[in-house]
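Chemist: Below is one structure. I have some questions about it.
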Amino acid sequence: MTSATGHRDGYVPFPEAAAREYRGAGYWTGRTLGDLLRDTARNRPHRPAVLSDAGTRTYAELDAAADRMAHGLLALGIAPGDRVIVQLPNIPEFATALFGVLRAGIIPVLTLPAHRRAEIEHLAALSEAVAYLIPDRLGDFDYRELATTVRQAVPSLRHVLVAGDPDQGSGATAGFLALDSVAREGDSLPEVDPSDIAVMLVSGGTTGLPKLIARTHDDYVYNATASAAVCELTPDDVYLTTLPAAHNFPLACPGILGTIATGGAVAFTLDPSPEAAFAAIERHRVSVTGVVPPLAQLWSAAVDWEDADLSSLRLLQVGGARLAEVNAREVEPALECTLQQVFGMAEGLLNYTRLDDDKELVYTTQGRPLSPADELRVVDADGNDVAEGEEGELLTRGPYTLRGYYRAPEHNARAFTADGFYRSGDLVRQLPSGHLVVSGRIKDVINRGGENISCDELEEHLLAHPAVRHAAAVGLPDASLGEKACVVLVVTGELPTLGEIKVFLTERGLATYKLPDLIRRADALPITAVGKIDKKALRASHS
Ligand code: OOB
């Protein structure tokens, strides 16, 4: 058995000189994420913080609930710096649990509800997590069953805490605790160092298994508050968490954290369909939310048949994948609100169109960098800067962009330049105004409606199938998703059906959103001059 290591082991910090500069220039303020809630609760204790069907939770109430949760977690023996896997959906408990964990100085590893055994086991083992926070069930999926399996595979996991009913009735969940039963009163909470790791986000993935992105309090507070400023959030705003709350976009761009920092209210919807989301917008008088392009398209069309009152909505943020210009032009007339394009990444850099930008820029670009301290380079295949306005790979460095993935030294050697620029894998052009147009990508991922699927990871799983000799995953153009996932297989015997492959991958514990949409047979996979699988040729022959 490996012995547990400290949370900073395998963390790549900002270089001292850069940290000094970011502090000196006022980007890093020394506040923690827990302070964001604390300060608003002090200034506006009786204002609504979280809105739900069950009622309103004020800032004073949320603040007190977070403290009780923090004391309860510490009383269980979870220590500051320990990692816990948080896999909670868009429910009000997400906010209480998140702030409880943060207040205790415990580090949440923010996984998505769609993640399954393969991802959770990997992330729990990599982070040496000691606890796992889950809902009881969601739809027909029982997270207690998943936790039972994960607990057997990952010995560091000592606690499973369930938002809902901890007892599945089979006896297998013995020792699982109800999350709300943990809360208790206490005196003082540990000091949290703002330069320390606050949260770990899961990367959309470029190669192999998902990577962890450790974000510090200093950098993530800046991420959320600077985003709130760009979106011109005020205490009167109501933010609807439409995308999964654990994702960087709804969490901190400005999302839940930016709204709490500003003193607005946060609402949640488990269901992003127009029917459910529009009802939530009407009920809670939502003014801001963020969606992926397929949802923007669907919502724009749905105003024709849904008759909810959307008059409170002032800003729709769209990001996660490229929004086609035709769809960008539909949003404002249909939803009668301002459109904002967002090109971001869990690794850090965020680009936003500004609310007063020329409309043509809003419809045709993916925004410009959030911070004056964001450094961008656009380079050719040899790493040389391209001429202004030309296409190249986007490299970036700045006050809220990671300097290395957590516990991934080999990958970091490739993913970063020697002087600390992150290689995004995205192809962009930069206009004289600073706005970026995302024109493609060189990393081997499929962007399926804003969800990134690492081709390497999917191929690994496919190769484990007894009939599969070679496998390649490619994204093919799709009118609503942007890209759909196609797998091309060289097999012995009969080609498995798409249904069989999905069952096979599901049994291997792969997240649902990574399952392919199409399956094709090939006698051999085309290869490039250097002997790599020629994805370009595959895409061309299977489109
Ligand atoms: C957001 O974050 P991730 O980490 O799930 O995915 C990042 C990748 C980018 O590197 C890019 O390839 C793609 O997703 N992407 C876009 C895009 N926004 C993200 N590609 C084209 N146009 C866009 N507008 O997806 C994310 C994080 C924070 C805010 C918004 C999105």
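Chemist: Could you please tell me the mean projected area of the C-alpha convex hull for the chain, averaged over all directions and given in square nanometres to one decimal?
Modeler: Details: hull surface 101.3 nm².
Convex hull of Cα atoms, orientation-averaged projection: 25.3 nm².
Chemist: Which percent of the accessible area of region 31-216 is formed by carbon and sulfur heavy atoms (probe 1.4 angstrom)? Please report the intermediate quantities before stating the final value.
Modeler: Details: 3180 of 6650 Å².
Solvent-exposed carbon and sulfur of region 31-216 make up 48 percent of the total.
Chemist: For the chain, with every protein chain kept in place, what is the accessible area per residue (1.4 Å probe, Å²)? Spell out each step's value before the answer.
Modeler: Numbers: 21250 Å² over 543 residues.
With all protein chains present, the chain gives 39 Å² per residue.
Chemist: Once you have the alpha carbon radius of gyration of region 218-441, what is it after dividing by 2.2 N^0.38 Å, with N set to its residue count? List each step's numbers first, then the result.
Modeler: Working: Rg = 17.6 Å, N = 224, 2.2 N^0.38 = 17.2 Å.
Cα Rg divided by the expected 2.2 N^0.38 Å: 1.02.
Chemist: Using +1 on the beta carbon of Lys and Arg, -1 on that of Asp and Glu, and nothing else charged, what's the dipole of region 31-216 about the Cα centre, debye to 20? It would help to have the intermediate numbers written out before the result.
Modeler: Details: 18 positive and 23 negative charges, 69 e Å.
Dipole magnitude for region 31-216 comes out near 340 debye.
Chemist: Follow-up question, since we're still on this one. Among Val474, Ala511, Gly531, which residue has its Cα furthest toward the positive end of the charge dipole of region 445-541, with +1 on Lys/Arg Cβ and -1 on Asp/Glu Cβ?
Modeler: Selected residue: Gly531.
Chemist: Per-residue ellipticity at 222 nm for the chain, helices alone: DSSP H runs ≥ 4 residues times -39500 (n - 2.57), over residue total, nearest 500 deg cm²/dmol? Before the final figure, lay out each step's value.
Modeler: On the way: 18 runs with 173 residues, N = 543.
That comes out to -9000 deg cm²/dmol.
Chemist: Which percent of the accessible area of region 377-486 is formed by carbon and sulfur heavy atoms (probe 1.4 angstrom)? Can you show the working numbers first?
Modeler: Numbers: 2080 of 4520 Å².
Carbon and sulfur atoms account for 46 percent of the accessible area of region 377-486.
Chemist: With the cut-off at 18 Å, tell me which of the pairs Lys211/Lys514; Lys211/Lys443; Lys211/Lys502; Lys443/Lys536 have Cα atoms farther apart than that. Show your work: numbers first, answer last.
Modeler: Numbers: Lys211/Lys514 16 Å; Lys211/Lys443 15 Å; Lys211/Lys502 24 Å; Lys443/Lys536 12 Å.
Correct reply: Lys211/Lys502.
Chemist: Moving on. Only four residue types carry charge here, +1 at the Cβ of Lys and Arg and -1 at the Cβ of Asp and Glu. Report the dipole size of the chain about the Cα centre in Debye, rounded to the nearest 20. Mind dumping the intermediate values first?
Modeler: Numbers: 50 positive and 73 negative charges, 186 e Å.
Once rounded to the nearest 20, the dipole reads 900 debye.
Chemist: Which order, highest average first, do 365-378, 208-221, 432-445 follow once you tally other Cβ atoms within 10 Å for each residue and take the mean per peptide? Provide the component values of the computation, followed by the final result.
Modeler: Values: 365-378: 20.4, 208-221: 23.6, 432-445: 17.1.
Packing proxy ranking, top to bottom: 208-221, 365-378, 432-445.
Chemist: Mind listing the long-range amide H neighbours of Arg137? Cut-off is under 5 Å, sequence gap 5 or more, other chains count too, H placed in the peptide plane at 1.01 Å from N.
Modeler: Tyr143
Chemist: Taking a ≥ b ≥ c as the square roots of the eigenvalues of the Cα gyration tensor of region 445-541, is the shape rounded (a/c under 1.5), prolate (a/b larger than b/c) or oblate?
Modeler: Values: a/c = 1.59, a/b = 1.03, b/c = 1.54.
Note, shape of region 445-541 comes out oblate.
Chemist: Using only Cα atoms, locate the centre of region 163-240 and the centre of region 260-291, then give the distance between them in Å, rounded to an integer.
Modeler: Taking the Cα centre of each part, region 163-240 and region 260-291 sit 19 Å apart.
Chemist: Here's a follow-up. Leaving out same-chain residues fewer than 8 places away, which aspartates and glutamates sit with a Cα under 19 Å from that of Lys535?
Modeler: Glu393, Asp426, Asp444, Asp456, Glu457, Glu459, Glu460, Asp478, Glu483, Asp517, Asp523
Chemist: Next up: Given the options Ala301, Val428, Leu335, identify the residue whose Cα lies farthest towards the positive end of the charge dipole of region 291-434 (+1 on Cβ of Lys, Arg; -1 on Cβ of Asp, Glu).
Modeler: Farthest along the dipole direction, towards plus: Val428.
Chemist: Quick check for me: using +1 on Lys/Arg Cβ and -1 on Asp/Glu Cβ, what's the dipole size of region 17-81 about its Cα centre, in debye to the nearest 20? Please list the in-between numbers first.
Modeler: Numbers: 9 positive and 7 negative charges, 39 e Å.
For this selection, approximately 180 debye.
Chemist: Also: Under a cut-off of 13 Å between alpha-carbon atoms, report the aspartates and glutamates in cross-link reach of Lys359, not counting same-chain residues fewer than 8 places apart.
Modeler: Candidates past the 8-residue exclusion: Glu325, Glu330, Glu332.
The values are calculated or read from the model by the stated rules, or taken from the named source; none is laboratory data. A quick note: this is a predicted structure, and the numbers were derived from the prediction, not measured. Backbone-built Cβ (ideal geometry, glycine too); neighbour counts: all protein chains shown. Accessible surface areas use protein heavy atoms only, side chains included; no ligands, DNA or RNA. Shrake-Rupley method; radii C 1.70, N 1.55, O 1.52, S 1.80 Å.
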